[in-house]
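Throughout, read-outs are computed from the coordinates displayed, never taken from laboratory work. Because the structure is a prediction, the values reported are computed rather than measured. Glycine also receives a Cβ, built like all others from the backbone with ideal geometry; neighbour counts cover every protein chain displayed.
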Amino acid sequence: MPMEKNFNATEAEARLAAAWDAIGAFKAGANAKPGAEPFCIMIPPPNVTGSLHMGHAFNNTLQDILVRWHRMQGHDTLWQPGTDHAGIATQMVTEREMAKEGNLSRREMGREAFTQRVWQQKKKSRATIIGQLKRLGASCDWSREAFTMSGAPDAPKGEEGNFHDAVIKVFVDLYNKGLIYRGKRLVNWDPHFETAISDLEVEQIEVAGHMWHFKYPLAGGATYEYVEKDEDGTVTLRETRDYISIATTRPETMLGDGAVAVHPSDERYAPIVGMLCEIPVGPKEHRRLIPIIADEYPDPSFGSGAVKITGAHDFNDYAVAKRAGIPCYRLMDTRAQMRADGAPYDEAATIAMAVAKGEKTLTEAEVDAINLVPDDLRGLDRYEARKRVIDQITSEGLAVTQLVKSIDKETGAEHLELVPLVDQNKMMQPHGDRSKVVIEPMLTDQWFVDTAKIVEPALEAVRSGRTKIIPASGEKTYYHWLENIEPWCISRQLWWGHQIPVWYTLGRKLALEDAEKSLSQHSQAGEDVRLVADGILKDMAEVRRSGYGDIGIICASNEQEARKKAEAEFELPPKFFATEEEAKAYLAEDPTRGKRETLLYRDPDVLDTWFSSGLWPIGTLGWPEQTPELQKYFPTSVLVTGADILFFWVARMMMMQLAVVDQVPFHTVYLHGLVRDAKGKKMSKSLGNVIDPLEIIDEYGTDALRFTNAAMASLGGTLKLDTNRIAGYRNFTTKLWNATRFAEMNGVFGAEGMAQSHTSAIRSPDVQNTVNRWIIGETARARIAVDDALTNFRFNDAADVLYKFVWGKVCDWYVEFAKPLMDGEFAPETRATMAWVLDQCYLLLHPFMPFITEELWGLTGQRAKMLVHGDWPSYGAELIDEKADAEMNWVISLIEEIRSSRTQMRVPVGLKLPMLQVALDDKGRAAWARNQAIICRLARIDSLTEAAAPKGAITVAVEGGTFALPLEGVIDIAEEKARLSKGLEKLKKDIASLSGRLNNPKFVASAPDEIIDETRDNLHLNEAEAAKLQTALARLADAG
RNA sequence: GGGCGCGUAGCUCAGCGGUAGAGCACUACGUUGACAUCGUAGUGGUCACAGGUUCGAUCCCUGUCGCGCCCA
């Protein structure tokens, strides 16, 4: 049955995918030769938030190319698939969908119901994603599909697995090793999701910012000489001030100021360091006073040089406050609204005043309990509070002002007006990468990984080359980040994720807080702390030493274990509660219960998604069980991923795998560029600027998309979607299809020569014809180049080689050369060679274009195996026949010369011309004799006669000879002169350049011999050709 | 401000010491046994700029200008 005219991608892709599936083609170890070396890639698990975008298509194409390439080589190959639960992102998507559907909100629903709802979202998204990957032809072992939350306690049926156990085990182990700790720290707080996020999840976005300048009056009406000097020390301003000027972009945080800081070297403020000043906002009668302190942090040259210190709402201020023992007053709640809890403002302010004056010291918990938001601002959004604060200060005359010309709208009169000074500057503001809202630094209790303690092996592994990062620039970035690594905040106040396996003791915690309080009361009362009970002191010391320390904390894999530990650790029998609230309610019913039982409740927080995905390599292979797969495939071979998640994921996998199993997770990391949208913007799920790869696949076919991806995968670049290019590679598939069609129409795959034509090993001696010997050599070159490129992860080079070989050599020339050979003595070997060459095309292209190649493989013969398990060729230079190579290149250049000449002389394409052989060396004569039919056919020559060139002929100069096309009366002499002159000009230029170099003694002395030889050869060739053109021009001059 | 990287044909990008490349676009012309999703032949580049190293620089070094990205 003759082949269709075009490849029907849509129909064939589904059919072939099913066929692969039916034979288990992608199963781990499929097609492996006995004793084969393992090759394993872990898929970067897509988030179960929706569907895949072009970035995923790109990423997975590259992985699949490597995997198919290795599988065909007979390696024991595993491509491990799966998805990531992606805590915050998935929770966000689910909540969004719930809102769209008009469902109950998350909080109305409750934790249990909500997580079940997210599991549904997971199921849906997972199906979409896996479907997309399959359409892409991803040859993952689908039977091993993993999920980062498989086996979680609330997982529905069908979500079994042990990933959750692995995550929890690692948390417990790291906790026991002291690598995970809990502490009250300033963290990035996302007011939308009401959770802490890590530094990496914060995006700095430039916004139009405003800076206000306010006067903080000195306490008690004190004054000082304020002196400003220029660089030379000349006094430029001297005045008596009763205030210190502060600039701020966040006036609402003034309410929580604990101090004003100036640089110790700043002479302007030296007189007032140590004094108190007044925060110019809040009820008059309870204005708070705060100390003016010296610290290295303020930059004397920026603003007024004085900085307000709000330790609870700014990272720099927090550091200053910690150094100086300044209290950090928290002003906002989890939604970044001004706090509405606690005692009224006057009470809070009174306590804060006592602290500022040094009359009182507070515990952290006490500081946190103080709400310094004035009653009229409580409950307001932070931005509304900001407006009011500014208004209040300004109306009181405490804003720094400037004179501005203004026009009265009614009278039109011009007058000068004092208006508050507001600088308009662009500023970088932190935003949540998911929520896009402004991040609020927030003082909260969180869990941290002590990354500084586990970073060293991860650095060493790359430095020593045990893990290689490609491109090398990625290594620099990796070092830079890891060498300056910050503690990793791993707790998230979300519901979707691995709940932290920690239980707190309610009673003991409360007791400790009481003890702390009483201790501070004793010390404030001037009592010797030694008077406080020994037991409390001992506990306090431990509390102080380890933050919240281990006291009252049970970390265990599950509740049963937690119970055992609690029984061993505490004298009173443990009682477990799901939440702190339940435990408190239980205690409130009968306060003496706390003396009879240890009340325990679980930490409600979940782990950062990256904590679990950081265990992807071992977790998907069954760890902590010592599975055969873990033994065989770990450490894995290559990780292919985007450079953007080098820190998020790659670095953390390195650290965690090394910390947990003391091995690198992969030998090579291939970082690729980012897929951008048309404007160069990063494509992201939440931004909505994604392009659905399925649309591209529907229009152009998977193979075209994949080949485009490979072709654009140059190292270090970015990838912009270009549909024209995809169309170009779709055309390439058509080209291959039609070359096959030609072969089929010419009986290449006929029953007769079949057995012979499909032997994978073709031996040069079996093939006599130069054309066939040549294409066999070209095939070998292509195979070598493709392997070389793929070995070095040069996907674009591999694609380029294949494109040029298949289109530029096989289709453009070999098929044409073969046409006249289809009859006559070389017909059998030509058919055999063509069958072999096309087989090689299918084999070499299969990793890039699996569908069309598998289809052609199946259409062109009865095969022992599907192409997906085809044997990757290993032949090499031994198939290259240099003589055949030289001869065919000569033939090609002769044909090109003739065609070019004809076109420029406007010889009608259809016209067959006689040709004269003016001069030709022996090699040329032999070449002509062997390839006459081809040349005549392709250059449209009808005869060759040995003769001198007549007047009015086109000259065709090639290596070793000159031909002429007699066209007297037909050609335009001037045109031919121009053509020859143009060629001659270029040759002359080249000759000048080449001989210039050769005449330079330094060149001859310094350059390598092969370069000198090459230059000399080139010069001779150019000179020979120039001579021929000169002769031709001279003849034309005679004629003209 | 610190780090990484990029300025090559009209466009999108390869190449990174030895006489400038691809695809698309553009121009002209369409023949012989697959292919118009095609064929043939062309047009088009001071390889951002200025210095330096070298026999030789698009490639290495320094600086300048312009543009990204990451981290402050």
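Relative contact order of the stretch A:771-910: what whole-number percent is it, with Cα pairs under 8 angstrom and at least 6 residues apart?
34 percent.
Which of the pairs A:K100/A:K436; A:K284/A:K387; A:K184/A:K322; A:K134/A:K809; A:K177/A:K565; A:K184/A:K357 have their Cα atoms more than 21 Å apart in this structure? Can you show the working numbers first?
Details: A:K100/A:K436 19 Å; A:K284/A:K387 18 Å; A:K184/A:K322 12 Å; A:K134/A:K809 33 Å; A:K177/A:K565 16 Å; A:K184/A:K357 25 Å.
Checking Cα-Cα distances, A:K134/A:K809; A:K184/A:K357 exceed 21 Å.
Report, to one decimal in Å, the Kirkwood hydrodynamic radius for the stretch A:720-859 based on all distinct Cα pairs.
Values: mean 1/r = 0.0647 Å⁻¹.
About 15.4 Å for the stretch A:720-859.
Rounding to the nearest 20 debye, state how big the charge dipole of chain A is about its Cα centre with +1 on each Lys and Arg Cβ and -1 on each Asp and Glu Cβ. Let's see the in-between values first.
Values: 120 positive and 149 negative charges, 465 e Å.
In total the dipole reaches around 2240 debye.
Determine the dipole magnitude for the stretch A:720-859: charges of +1 sit on the beta-carbon of Lys and Arg, -1 on that of Asp and Glu, nothing else is charged, the reference point is the Cα centre, and the result goes in debye to the nearest 20.
Values: 14 positive and 17 negative charges, 83 e Å.
About 400 debye.
Using the per-residue mean of other Cβ atoms lying within 10 Å as a proxy for protection, in what order, highest first, do the peptides A:114-121, A:490-497 fall? Could the numbers behind the result be given before it?
Details: A:114-121: 19.5, A:490-497: 24.2.
Result, highest mean Cβ count within 10 Å first: A:490-497, A:114-121.
Using θ = phi - 60° and the Karplus form 6.51 cos²θ - 1.76 cosθ + 1.60, what ³J(HN,Hα) does each residue of the stretch A:416-424 get, whole Hz, x for Gly and Pro?
Once rounded to whole Hz, the list reads 8, 9, 8, 10, x, 7, 10, 7, 9.
Please list the equivalent ellipsoid semi-axes of the stretch A:211-399, computed as the square roots of five times the alpha-carbon gyration tensor eigenvalues, in descending order and whole angstrom.
Working: eigenvalues 153, 60, 47 Å².
Result for the stretch A:211-399: semi-axes of 28, 17, 15 Å.
Would you mind checking which residues have amide H under 5 Å from A:F666's amide H? H placed 1.01 Å from N; only 5 or more apart, or other chain.
A:T636
When the Cα centres of the stretch A:989-1040 and the stretch A:269-301 are compared, how far apart do they sit, in Å?
83 Å
How would A:E252, A:E285, A:E347, A:E366 line up from fewest to most surrounding beta-carbon atoms within 10 angstrom?
With the fewest neighbours first, A:E252, A:E285, A:E347, A:E366 line up as A:E285, A:E347, A:E366, A:E252.
Specify which residue in the list A:T592, A:W616, A:A659 is farthest towards the positive end of the charge dipole of the stretch A:559-659, using unit charges on the beta carbon of Lys, Arg (+1) and Asp, Glu (-1), about the Cα centre.
Ranked along the dipole, the leading option is A:A659.
Work from the charge dipole of chain A (Cβ charges, +1 for Lys and Arg, -1 for Asp and Glu, about the Cα centre) and give the residue of A:A933, A:S51, A:L867 farthest towards its positive end.
A:A933
Quick check: the distance between the Cα centres of the stretch A:15-41 and the stretch A:416-454, to the nearest angstrom?
First find each Cα centre; the distance between them is then 50 Å.
What ranking, highest mean first, results for peptides A:796-805, A:86-95, A:177-186 when packing means the other Cβ atoms within 10 Å averaged over each residue? Don't skip to the end; give the middle numbers.
Values: A:796-805: 21.5, A:86-95: 24.2, A:177-186: 17.4.
Descending mean neighbour count gives A:86-95, A:796-805, A:177-186.
If we count other beta carbons within 10 Å of each Cβ, what is the order of A:L78, A:L965, fewest first?
A:L965, A:L78
Over chain A, what per residue volume does the convex hull of the Cα atoms give, in whole Å³?
285 Å³
Taking 45 Å as R0, compute the FRET efficiency from the Cβ-Cβ separation of A:A1005 and A:A948 and round it to 0.05.
Values: r = 45 Å, r/R0 = 1.00.
Taking R0 as 45 Å, the efficiency between A:A1005 and A:A948 is 0.50.
For the stretch A:373-379, what does the Karplus curve 6.51 cos²θ - 1.76 cosθ + 1.60, with θ = phi - 60°, yield as ³J(HN,Hα) per residue in whole Hz, taken in order and with x for Gly and Pro?
7, x, 3, 6, 9, 5, x
What FRET efficiency do you get for A:E231 and A:K357 if R0 is 45 Å and r is their Cβ-Cβ distance, rounded to the nearest 0.05?
Numbers: r = 39 Å, r/R0 = 0.87.
For A:E231 and A:K357, the calculated efficiency is 0.70.
Which listed residue (A:P300, A:V235, A:Q392) has the Cα farthest towards the positive end of the charge dipole for the stretch A:211-399, taking +1 on Lys and Arg C-beta and -1 on Asp and Glu C-beta about the Cα centre?
Final value for the positive-end residue is A:Q392.
For a Förster distance of 60 Å, can you work out the FRET efficiency between the beta-carbons of A:S473 and A:K986, rounded to the nearest 0.05? The partial results should precede the final answer.
On the way: r = 39 Å, r/R0 = 0.66.
FRET efficiency, A:S473 to A:K986: 0.95.
Given contacts defined as C-alpha pairs under 8 Å and at least six residues apart, what's the relative contact order of the stretch A:886-1039, whole-number percent? Write down the numbers at each step before the final one.
On the way: 181 pairs, mean separation 37.2, N = 154.
So the answer I get is 24 percent.
Could you sort A:143-149, A:649-655 so that the peptide with the highest average Cβ count within 10 Å comes first and the rest follow in order? Let's see the in-between values first.
Details: A:143-149: 21.6, A:649-655: 25.0.
With the highest mean Cβ count within 10 Å placed first, the list reads A:649-655, A:143-149.
Mind checking which aspartates and glutamates have their C-alpha under 14 Å from A:K986, skipping anything on the same chain fewer than 8 residues away?
A:E1023, A:E1025
Rounded to the nearest Å, what's the spacing between the alpha carbon centres of the stretch A:174-196 and the stretch A:794-831? Just the number, please.
63 Å
Can you give the relative contact order of chain A as a percent, counting alpha carbon pairs under 8 Å and 6+ residues apart?
About 12 percent, as a whole number.
Can you pull the Rg over Rh of the stretch A:886-1039, Cα-only, Kirkwood?
Details: Rg = 16.9 Å, Rh = 16.5 Å.
Radius of gyration over Kirkwood radius for the stretch A:886-1039 works out to 1.02.
Read phi for every residue in the stretch A:457-467 and hand back ³J(HN,Hα) as whole Hz from Karplus 6.51 cos²θ - 1.76 cosθ + 1.60, θ = phi - 60°, with x for Gly and Pro.
x, 5, 5, 4, 4, 7, 4, 7, x, 5, 10
Once both axes come from the Cα atoms, what is the angle between helix A:473-483 and the longest principal axis of chain A, in degrees from 0 to 90, rounded to 10?
Its long axis makes an angle of about 20 degrees.
What is the spread of the Cα atoms of the stretch A:281-363 along each of their three principal axes, largest first, in whole Å?
39, 33, 27
Quick check on the exposure proxy: order A:K989, A:K27 from fewest to most C-beta atoms within 10 angstrom. Each step should come with its number before you reach the end.
Working: A:K989 11, A:K27 16.
Result, fewest neighbours first: A:K989, A:K27.
Tell me the angle of helix A:9-22 to the major Cα principal axis of chain A, expressed in degrees between 0 and 90 and rounded to the nearest ten.
Relative to chain A, helix A:9-22 is tipped by roughly 70 degrees.
Round to the nearest 10 and give me the degree value, 0 to 90, for the angle of helix A:770-791's Cα axis relative to the longest principal axis of chain A.
10 degrees
Could you work out the helix-only [θ] at 222 nm for chain A, with each DSSP H run of four or more residues adding -39,500 (n - 2.57) and the total divided by the number of residues, to the nearest 500 deg cm²/dmol?
Calculated at 222 nm, the ellipticity per residue is -14000 deg cm²/dmol.
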